[in-house]
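Here's the structure, in structure tokens; my notes come after.
Laboratory data are not the source of any read-out in this text; all were calculated from the coordinates shown. What you are looking at is a predicted structure, and each value in this text was computed from that prediction instead of being measured. Cβ placement follows ideal geometry from the backbone for every residue including glycine, while neighbour counts extend to all protein chains displayed.
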Protein chains: 2
Amino acid sequence: MRRHSRWSAWLFCPLLLCAAPARTAAQAQRPPNVVFIYADDLGYGDLGAYGARAIKTPNLDRMAADGLRLTSFYSVSPVCTPSRAALLTGRYAARMGIANMHLSNVLTFQDTTGLPTDETTIATALKARGYATACIGKWHLGHLAPHRPIDHGFEYYYGIPYSNDMQPSMLKRMDEVIEQPVQQETLTQRYTAEAIGFIERNRNTPFFLYLPHNMPHIPLFASERFKNRSAGGIYGDVVEELDWSVGQVLATLERLGLDDHTIVCFASDNGPWYEGSPGQLRGRKGWTYDGGVRVPGIVRWPGRVRAGRVSDEPLATIDVFPTLMALTGDPGGGALPLDGRSAADFLLGKVSSSPENLYLFFDKEFLQTARFGRWKIHVARWNVQRYQAGAANQINQTLKAPELYDMSLDVGENYNVAANHPDAVRDLQRRIAEKLGSFPEEIRKANADLLK
Amino acid sequence: MRRHSRWSAWLFCPLLLCAAPARTAAQAQRPPNVVFIYADDLGYGDLGAYGARAIKTPNLDRMAADGLRLTSFYSVSPVCTPSRAALLTGRYAARMGIANMHLSNVLTFQDTTGLPTDETTIATALKARGYATACIGKWHLGHLAPHRPIDHGFEYYYGIPYSNDMQPSMLKRMDEVIEQPVQQETLTQRYTAEAIGFIERNRNTPFFLYLPHNMPHIPLFASERFKNRSAGGIYGDVVEELDWSVGQVLATLERLGLDDHTIVCFASDNGPWYEGSPGQLRGRKGWTYDGGVRVPGIVRWPGRVRAGRVSDEPLATIDVFPTLMALTGDPGGGALPLDGRSAADFLLGKVSSSPENLYLFFDKEFLQTARFGRWKIHVARWNVQRYQAGAANQINQTLKAPELYDMSLDVGENYNVAANHPDAVRDLQRRIAEKLGSFPEEIRKANADLLK
């Protein structure tokens, strides 16, 4: 009864019925469940629905066909930690002093950084609305109190608290280490079983399941059933197992009659690293070209989000927090100002455009690129210098910042049109300066040239 | 009459008629003209026929529709000089001691390297068959005797003898400097006028026109008529002007009634550098991923090469020499053994497959990758180390050479399937060892680990 009382309190609903027939009536009034499935280093082009040929992803392809497939969905960082901070809070990690966190892959227990305690996560906000909450998988926002999932609104935690290449290799349930080192071959299987268990336990209450897989981040591991099965090698095996996992989650929702009452989202935290496909996009993980930050974005909510819709409207992970707040009944959320905007009306088909928003892409504390409408602006030379470090002088002579790319014609960021659209450049520079003005002093100092 | 006597001598033809009506009868028996148009640093995805949206290339698109469009055509080097050496000789530059030539962009007149005098170029071979020959554009195979175009079979030369970013900036006609520094805005226009003039002068004799443009290599220049016209910025303007130039050449052939009697080819020397699109391919100029070496390849010969044909069969610039020798009447050519194979029967539609050939891609003297049939093998770690120099240790732990990519499913070289196809890896390693065994000692030493 605990769950019922929680969501009914949120809804001020007088009906407290446990019997199965009544559940449907109650469901119609209670806020929708949310399942957010997050892949790690999965590329824009790694799914069938996004053009993959070597890898078969029938479950994700069907999920996309049953809902909305976004073709300009962004993670706002090309690396793990800031991506996850932004997804869960609707705010840029550069506001939190953790833009550069956890780049070492050997952790110490003196490493006490993490998602600040004054940030509100989706879990914190939904828990306050009576949701059951769980994080199953990779956290990577601080492995010590007060930065753990259970400190940030998640009632249940199971997973590797950081990346699967980091040491010590450990699997935790709540705050207890249950395996060390982690047997990674069965990790996706176990995350899936945990996810199904959580859904089953909470079938009668609104729930938020955050399912951030450790795969396909390196090192790559698939279970016996999926090993050597894909035409995409071990990377393909791993992605096909993730696809199977998505299918299991969706089948569970269907089996429990929760299908129409659950918003399921799928995305990746950044582009592909050594293996994996960015599709036609330039760059990979670690870069702020779109290959590092544009990711698959699928939203499925039968009956509410129209099936078969495909949209090139820009949206980003920072919009997830306010969107979910709106879709679960109340646009409000945390106490701190959000960078994201609610796309609820867009998802529900009430408006055809996504909310206008300026998306910033940082490399550590330095702003590199930004997307606004059809435009992508490159404000710093960092990207290109990473690209061919040996030719920095020539690059500086050749491509002068800012560069401007028209994403409506040139998804590969191949043709700099800054000289052709000086008004667009000035408008973007003005918007960037205005936006950066709201960031902490450390970030304003690092980007002082962009604030002029 | 000089030209007539030359080609009639080649054909053993008794008809020596200058009158226009007779020209057609004579044409039917004389070998076809050859026009080879070569762009500099143009990417696989920069033409409309290859997926470009920001850049409009109606003339090249029509040329492709009128002939054969190759979607797996390779330059065998990701940089200028070795690419051009291979195209003109049918042999790898690594055989000639110039694999690493001209990487400095300031030349001195003590720099006496160049295409060795014992190499036979297409021009030398066709000149011996009675062809008029010209090189109009960028040479980059040695700017001093005995390495100039006029030393290598070209009776006429007009152009910048090297890249347009190199110093001293000079335009030459034959061996005379006619402009210094070069006014690059009108360079493509002037190359086009020179090409048309050469065709007009040689309308009554077989001719070989090699037209290697300096564009779109940086710095980028377009004429007033093309500036600010393209949605692809200055890079797009430059490519659209090249497309116009192709249209002018084709219109000239049509006007002179030479259309059906001229093989016209279009390609690029390597992938795009800072701007320009590699399409879905990984990497850019300087890399031996396909983005650095796979280029547009279009062949037009009305009535002989079937219009509208598109083929994914692998072919490369080293095959051009023997193919043109066969199409102009005699499979033979130079005295040195060729790396290329004749694709004449394939072009003429007599067979559906291109000749089986192993294509090697070197970075300087080091073999990096090779393409054979559906497979691309990466034998060295160089590529990835260039990609993210800072993470070399982790890369070496993660992606171990050799890597194997299935180009029939994975054009982006994203999914290493070496572990899934050990037989293919061994077969390729054996073929590579056998092939490298025929290279000079310097190359065998540099690649000793691949010869075991």
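Placing unit charges on the Cβ atoms of the charged side chains and taking the dipole of the protein assembly as shown about its Cα centre, the candidate lying farthest along the positive direction among A:338, B:235, A:348 is A:348. Within 10 Å of the Cβ of each residue in B:413-423, the mean number of Cβ atoms contributed by other protein chains is 6. About the centre of its Cα atoms, the protein assembly as shown shows a dipole size close to 920 debye [charges on the beta carbon of Lys, Arg (+1) and Asp, Glu (-1) only; nearest 20 debye]. What residues have an amide H closer than 5 Å to that of residue A:368, excluding those fewer than 5 places away on the same chain, when H is modeled at 1.01 Å from N in the peptide plane? Amide H neighbours of residue A:368: A:361, A:362, A:363. Contact order for chain A, expressed relative to its length and based on alpha carbon pairs under 8 Å spaced 6+ residues apart, stands at 22 percent. Mean per-residue shielding of peptide A:277-290 is 3, counting Cβ atoms of other chains within 10 Å of each Cβ.
Decide, for region B:148-244, between rounded, prolate and oblate: order the square roots of the alpha carbon gyration tensor eigenvalues as a ≥ b ≥ c, take rounded if a/c falls under 1.5, and otherwise choose prolate if a/b is larger than b/c, else oblate. Each step should come with its number before you reach the end.
Values: a/c = 2.35, a/b = 1.40, b/c = 1.68.
It is oblate, given that a/c is not under 1.5 and a/b is not larger than b/c.
Just check region A:326-380 against the gyration tensor rule for me: Cα atoms, a ≥ b ≥ c as the square roots of the eigenvalues, rounded for a/c under 1.5, and otherwise prolate or oblate depending on whether a/b exceeds b/c.
Here region A:326-380 falls in the oblate category.
At 25 °C and a viscosity of 0.890 mPa s, what translational diffusion coefficient does Stokes-Einstein give for region B:177-234, taking Rh as the Kirkwood radius over Cα pairs? Give it in µm²/s as a whole number. In µm²/s, the coefficient rounds to 185. For B:80, B:135, the sequence from fewest to most other C-beta atoms within 10 Å is B:80, B:135. When the Cα positions of B:45, A:65, A:39 are compared along the charge dipole of the protein assembly as shown, A:65 comes out farthest toward the positive end, with charges on each C-beta of Lys, Arg, Asp and Glu. Net length available on complete extension from residue B:177 to residue B:419 is 81.5 nm, with 0.36 nm assigned per residue and the Cα-Cα distance removed. The listed peptides A:205-216, B:144-155, A:121-132, ordered by packing as a protection proxy, come out as A:205-216, A:121-132, B:144-155 (highest mean of other Cβ atoms within 10 Å first). Working ranking of peptides A:272-284, B:161-173 by packing, defined as the average number of other Cβ atoms within 10 Å per residue, highest first, is A:272-284, B:161-173. Positive end of the dipole of region B:150-216 (Cβ unit charges, origin at the Cα centre): among B:163, B:198, B:150, the Cα lying farthest that way belongs to B:198.
Shape descriptor for region A:409-452: Rg over Rh equals 1.10 (Cα atoms; Rh from the Kirkwood inverse mean 1/r).
Charged neighbours of residue A:290, selected by a Cβ distance under 11 Å, balance to +3 (K, R count +1; D, E count -1).
Diffusion of region B:25-99 by Stokes-Einstein, at 10 °C in a medium of 1.306 mPa s and with Rh set to the Kirkwood radius over alpha-carbon pairs, works out to 106 µm²/s.
In a simple Cβ point-charge model (Lys, Arg +1; Asp, Glu -1; nothing else charged), region B:58-188 has a dipole of about 380 debye relative to its Cα centre. A helix-only calculation puts chain A at -8500 deg cm²/dmol for mean residue ellipticity at 222 nm, using -39500 (n - 2.57) for each DSSP H run of at least four residues, averaged over all residues. The charge dipole of region B:147-222, taken about its Cα centre with unit charges on the Cβ of Lys, Arg, Asp and Glu (plus for the first two, minus for the last two), comes to roughly 160 debye.
Distances, shortest first, from the label point of residue B:312 to those at the same position in the other copies read 2.4 nm; the point lies 7 Å along Cα to C-beta. Positive contributions from Lys and Arg (+1) and negative ones from Asp and Glu (-1), summed over other residues with Cβ under 11 Å from the Cβ of residue B:184, come out at -2. Note that region A:239-333 carries a Kirkwood radius of 15.4 Å, evaluated over its alpha carbons pair by pair. Compute the normalised compactness of the protein assembly as shown: alpha-carbon radius of gyration over 2.2 N^0.38 Å, N being the residue count. Here the answer is 1.05, to two decimals. Using equal-weight Cα scatterers in the Debye expression, the normalised intensity of chain A in log10 at q = 0.09, 0.11 Å⁻¹ is -0.55, -0.83.
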